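The values are calculated or read from the model by the stated rules, or taken from the named source; none is laboratory data. Every value quoted in this text rests on a predicted model; they were computed, and no experiment measured them. Every residue, glycine among them, receives a Cβ derived from its backbone with ideal geometry; neighbour counts consider all protein chains shown.
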Amino acid sequence: MQAAAPARRHARLLALRAIMDGREVPVVVLRGAAAVAHYADLPAAEGAVLVVTAADAVLLEAEGGEGAERLRHERVSPERLWDRVAALIGQRQPVGHDGEAPPLAGPLVALGDLIARQMRRT
């Protein structure tokens, strides 16, 4: 069953990247617990943030959590979380999100409806 988790996560991230390509959004920041848990293939993801680009996915957790096997994972202090997200994103614009807009500068693109529909299918 463990081999299924990385394959399922890979398929889900590919589906999310298809949304990103369709909306011409180079980076998506997921902060809703359900969306992070779904795309990182975790049982729970309260307080975690998932940053997804075409080439990478990084799970940032402020505290606790086990991370995800084969997913880049970093622990950051709660007060540094958004600084770390901004550092990962760099100057990529615009930034897509799952409906919970991240506190970042620059244009934000709400993808919550598309992401919610996709989560029901994958």
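Where helices (runs of 4 or more DSSP H) fall wholly inside the stretch 1-89, the ranges with 2 or more residues that are touching a Ser or Thr at 6+ places or on another chain (Cβ under 7 Å) and either within 16 Å of Glu100 (Cβ to Cβ) or at pLDDT 90 or above (or both) are 4-23.
Scanning the stretch 103-122 for residues that are closer than 19 Å to Leu42 by Cβ and either touching a strand residue (DSSP E or B) at 6+ places or on another chain (Cβ under 7 Å) or at pLDDT below 90 (or both) gives a single hit, Thr122.
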